[in-house]
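Here is the structure we will look at, set down as C-alpha cells.
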Amino acid sequence: MTDTYSDLVNSKVGKQVASRLGLPRPVRLRRYAPDQPLVPGPVLVAGVGDAPLAARAADMLRGDAIDIIPVVAEGQRVGAVVLDLTQARELTDLDAFRTILGPALKRLAPSGRVVVFGGSMATAGTDPMLRATRRALEGVVRSIGKELRAGATANLVTVVEGEEANADAALRFFLSGRSAYVDGQVVTVGAASGGPAVAPDDWHTPLAGKIAVVTGAARGIGASIAEVLARDGATVVGVDIPSAGESLARNANRLGGTALQLDVTAPDAGRRIVDHARTRHGSLDIMIHNAGITRDKLLANMDESRWASVVDVNLGSVIRMNEAILAPDGLADGGHVVCVSSIAGIAGNRGQTNYAASKAGVIGLVTALGGSPDLYARRVTVNAVAPGFIETEMTAKIPLATRELGRRLSSLQQGGLPVDVAETVAWFSQDANAGVTGNVVRVCGQSLLGA
Amino acid sequence: MPASTTRRATRPRTTASSATGGPSGPRRAAILGGNRIPFARANGKYAKASNQDMLTTALEGLVARFGLAGERIGEVAAGAVLKHSRDFNLTREAVLGSSLAATTPGYDVQQACGTSLETTILVANKIALGQVESGIAGGVDSASDAPIAVSEGLRKALLRANAARTPVDRAKAFAAVRPGHLVPSAPRNVEPRTGLSMGDHMAITAKEWGISREAQDEVTLRSHQRLAAAYENGFFDDLVTPYLGVSRDTNLRPDTSLEKLASLTPVFGKGEGATMTAGNSTPLTDGASAVLLGSDAWAAEHGLTPLAYFVDAETAAVDYVHGGEGLLMAPSYAVPRLLARVGMKLQDFDLVEIHEAFASTVLTTEAAWQDEAFCRDRLGLDAPLGAIDQDRLNVTGSSLATGHPFAATGGRIVATLAKLLHEKGSGSRGLISICAAGGQGVVAVLEAA
C-alpha cells in the first residue's frame, strides 16, 4: 500500500513545507537487512549499580565490532543507548534516566534505539519501594518513545535476576532493524527449564534447521511471516483455506517450503498440521497461528454468522488446533507458538466487537499457556504479537480519513508493514528466546490507541 | 477364480519389498499424490489460458504440495490432445516454467482421452525397472485455446512460396491461392475415418445396447451429487489447487435433479429414441492434472507416504471402422485381459473408476460385462464378468460432473483413486477404465499401500 503522505513529506520540498507547518514527518524506518550493522552508530552502554546486563551487552556488541562509548561526546551521533537499571531499587536511582539518557537522546541517529533493562516485577516481591521503582521504568520508557523522533524507538526489557543470558535475543531484536515498528513495549525475560537459552550459530539465520507452520500464509501478514521465517533459515509449511491455494502454492514454491490447503476450523486441522510437518519434514518446531478474518458490523446489527465465524476462525480454531499441536507428539520440546492478536483486542474498535473478542481472547490464551508448568517443563514458549495499523489489503479498504488517522496517531507517525509483524513473530520463534513466554508485544509504532 | 491366481494380484508387493531393481525383478512404483487445477467448461474462466499455462500451474501446485521446488525429478511425461504445433515440447517447456529443477527432463505423449493414464503407466514402468526414482505423469487440454490451421490449399501455397528461389516463383505460388483457401480449419471432435463425432458414435452403441435416457440421467445426477459431496467434505483439499480464481470445477451442478436433466433435448443420435443430452455427455473442458510417482526409497527420502502402488495396466483397441464394434468399447476388452493377468475378478475391486465420457459409456460397458453372449463371443470368456456394485463405482463422481479436458482426465482419476484406496486401507484394490478416441481403451489396477 502506498502511504502518499509519507512519500510527500520525505521529498525535498515536502520536507520544508511540513517542517514550517509543524506537520508530522514520518521517516523511512530502518528495517533489517543481513548486510547492515546491528545499529547505525556507536552504542552508549551504561547502568546503575553492578549493571550485569550493561557488561553483557558491551561484550556482545564488541563481538559484533560495534563501538561502545561511556558518554556521548560533543557533536557525536549515537546509534543506540542501552541503559541497565536492573539494579535500580529506589526512586533516586531513576535519576539515571535524566543524567545518562537525557543528554544522549539529542544525539540519537535516525531510527536509533533506546533499550532499557529493568528488574522483573515477577520477582519484585511485596517491597513497595522496589515495585514502585520497577514499575516507574515503564512510564519513563513509554514517555521516551513518544518524545523520540525520526524513527527512533524506546523499549523496556525486564529480566529475572540470574537469567541475564536469556536476554541476548531481546537486546539484539530491539537494537536491530527487525524491531522497526515496535515502540514503547515491555518484554519480560524469565528462566527456561533445562538451562539458559542457547545462541544460534549465526544470528542472521537463527531458525536454521527448524520446521515452521504458518496459517493464513497465502497473503498479507501471513505471507510475510512465511517469508521472514524462511529468510531466517526455517523450512516453512504454509497453510491456508483451499480457495486461496493458488497464491499459497506460489509462496511455498518461492520459499522452498510446502503448501497445505486446509480450513483451520476443520475438527482435524491440528492433527493434519502435525502429521504434515512431522511426516514430511520430520518435526514441528514453530507454530504460527496467523489465520484470521474480519466481519465488521456494529454490535446492534451483528448477526449470528458474523459473530460466530470471526470468533471461531480467530480463536476457537486456535484452541482446538492446539490440542493436537501442544500434545506430546505434536510440537517438539523447545518449540515455539506465536499467535497473532491485534490492537483491537487491547483497545477495542468500533464495529469490531466480534474481532476484538477473538483477539483479546488470544491474549488470554497466550497468558494461560505462557504460565503452563507442563509447557514450561517442555521448554515451549507461547507468545503473541498485536499488530496496530499495518499496510495491508485489509487496511487499504478503510476510508481515507480514518486510514490517515490510523497511520499518524502513533509515535512513528506511519503505518507498519507486514514485514514488521513478521520480524517480531520470527524473533519469538528463536530458541535464543527460550526465556520469553506469555508475552504480548504490540507492533504498532506506539499507537495512541489502547496505550 | 482359484485361490492360486488370486494370490498373484499381490505379487508386485511381495517381490518389490525385497527388490531394489535389477536382476531380482521389478520394483513397486508408488503413487504419492496428485494435483490438478479445477476443470472449467470451455470458453469460460480459462478461455485465455494456454495448455502450457495450465500444465505449468498444475505442476506448480504439485511442487508446492510436495515441497519439490528446485528438485530434479526423474522425468515428467505429459501431453495434450488439442495441441499447437509450436507446443512440440509442451511438457519440457512447462517444466522450465515451473519451480522444478531445470535439469528435469520432460516429454510429450498423446493417446487421446487415455493420455495421462498412459503417461502414468510409462512413468510407473520406468520406476519399476529402476530407470528413474521419481516421475510426474500428467496431461492438459484446452478446448478454448485450440489450434486453428490454415486450409490445405493455402498451406501448400505457403510452403511453395517459402521454397521459391525467385520473386516470380514466389508470386506464382501466391497466385495459386483461391478465396476458398482462406477459410481456416478448426479442430473438430470427429473420427477422421468415419466423419462421425464421438457423441454420434456413442449414440449408435448406446442404441444397440438399449441404454435408456433415465438410466443415463441417473448416472449423471449421481456423478454431480458425489463430486459435490466430496468437495464439501474436503476430499479435494490436497488434490486440487485453484487457478484464475476458480476453486471448484465449473461444470459441477450440485443442485441438478432428474427433472432438470430430463428437460434437456438430445444432442447426439438422430430423431426418435435419441437419449444423449448435454447433461449426460461431458462438455468440452479446459484443465490440467499431474500425478507424482516414486520408488519406495525416493518416497521415504522425501518424507512422502505412498498412497497406492501401480500394479499393472493394459491397453486395447477395437476395429470400430470395419469390425462392427463401438468406438468407445475398447476398455471392455482391455479389462478382462488385465484381470486374467493379475488374477482378479471384477468384483474383487474395492473401487472402480470408469471414465464417464458419456453416461451411456459407463452403462454400455457395465452391460457388456454382464452380457453372456458378448463375454463369450467377443471377449472369449467362459462366463460374464458380472456387475459392479454401484457403491464402489466412481464414488467421488467422474467426468460428467468434473468435466473432461481430454488429456488431463487420466491424471485426475489416478490421483483420486490412489487417495480413495489409501483411505480404505492397505491392500484395497482399484480398477481404472478409460475409453479413448480411435477406438482405444486404457485400463489399470492400483493397490493401496
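Derivation of every value follows stated rules applied to the coordinates shown; laboratory data play no part. Keep in mind that this is a model prediction, so the values were computed, not measured. So basically every Cβ, Gly included, is an ideal-geometry build from the backbone, and we count neighbours across all protein chains shown.
For the cross-link pairs B:48/B:83; B:260/B:419; A:146/A:359, the ones whose C-alpha atoms lie over 21 Å apart are B:260/B:419; A:146/A:359. Summing Cβ point charges (Lys, Arg +1; Asp, Glu -1) relative to the Cα centre of segment A:107-176 gives a dipole of roughly 420 debye.
In summary, the lysines within cross-link reach of residue B:172, defined as a Cα separation below 27 angstrom excluding same-chain residues under 8 places away, comprise B:156. What does the convex hull of the alpha-carbon atoms of segment A:42-149 project to on average, in nm²? Reported value for the Cα convex hull: 6.8 nm².
Note on chain A: with charges restricted to the Cβ of Lys and Arg (+1) and Asp and Glu (-1), its dipole about the Cα centre is near 1500 debye. Placing dummy labels 7 Å off each Cα toward the beta-carbon, the span from residue B:189 to residue B:171 is 4.8 nm. Taking the inverse of the mean 1/r over every pair of distinct Cα atoms in segment A:265-341 gives a Kirkwood hydrodynamic radius of 13.6 Å.
In summary, the lysines within cross-link reach of residue B:424, defined as a Cα separation below 21 angstrom excluding same-chain residues under 8 places away, comprise B:345. Highest GNM mean-square fluctuation among B:111, B:52, B:370, for chain B modelled with Cα contacts below 10 Å: B:370. At full extension, residue A:123 and residue A:7 could sit 37.1 nm farther apart than now, given 0.36 nm per residue minus the alpha carbon distance. Remark: spin-label model distance residue B:340-residue B:129 equals 2.5 nm, labels positioned 7 Å along the Cα→Cβ axis. When Rg and Dmax are taken over the Cα atoms of the protein assembly as shown, they come to 33.6, 109 Å. Treating r as the C-beta distance of residue B:164 and residue B:377 and R0 as 56 Å, the FRET efficiency rounds to 0.45. Site pair residue A:95 and residue B:107 shows an inter-label distance of 8.8 nm when each label is modelled 7 Å from Cα along Cα→Cβ. Footprinting exposure proxy ranking of B:259, B:75, B:93, A:90, fewest other C-beta atoms within 10 angstrom first, gives B:259, A:90, B:93, B:75.
First measure r as the distance between the Cβ atoms of residue B:423 and residue A:396, then evaluate 1/(1 + (r/R0)^6) with R0 = 41 Å and state the FRET efficiency to the nearest 0.05.
After rounding, the FRET efficiency stands at 0.45.
Simple point charges give the picture: +1 on the Cβ of Lys and Arg, -1 on the Cβ of Asp and Glu, and for the protein assembly as shown a dipole about the Cα centre of about 2420 debye. For residue A:447, the amide hydrogen comes within under 5 Å of the amide hydrogens of A:411, counting only partners 5 or more places away or on other chains and with H modelled in the peptide plane. Across the options A:430, A:443, A:120, the greatest Cα extent toward the positive end of the charge dipole of chain A (unit charges at beta carbon of Lys, Arg, Asp, Glu) belongs to A:443. Hey, how many Å between the Cα centroid of segment B:54-90 and the Cα centroid of segment B:103-164? Distance between centres, Cα-based: 12 Å.
How big is the antiparallel share of DSSP beta bridges in the protein assembly as shown, given as a percent to the nearest 5? Within the protein assembly as shown, antiparallel bridges account for around 40 percent of the total. In sequence order, segment B:415-431 has phi-based couplings of 5, 4, 5, 4, 5, 4, 5, 4, 5, 5, x, 3, x, 5, 10, x, 10 Hz under the Karplus curve 6.51 cos²θ - 1.76 cosθ + 1.60, θ = phi - 60°, and Gly or Pro positions carry x. Here segment B:350-429 and segment A:207-270 have alpha carbon centers that stand 37 Å from each other. If R0 equals 51 Å, the separation of the Cβ atoms of residue B:387 and residue A:247 corresponds to a calculated FRET efficiency of about 0.65. Name the most mobile residue of B:360, B:247, B:134, meaning the one with the largest mean-square fluctuation, in a Gaussian network model of chain B with Cα contacts below 10 Å. Of B:360, B:247, B:134, the most mobile in the Gaussian network model is B:247. Per the Kirkwood formula applied to alpha carbons, chain A shows a radius of gyration over Rh ratio, Rg over Rh, of 0.96.
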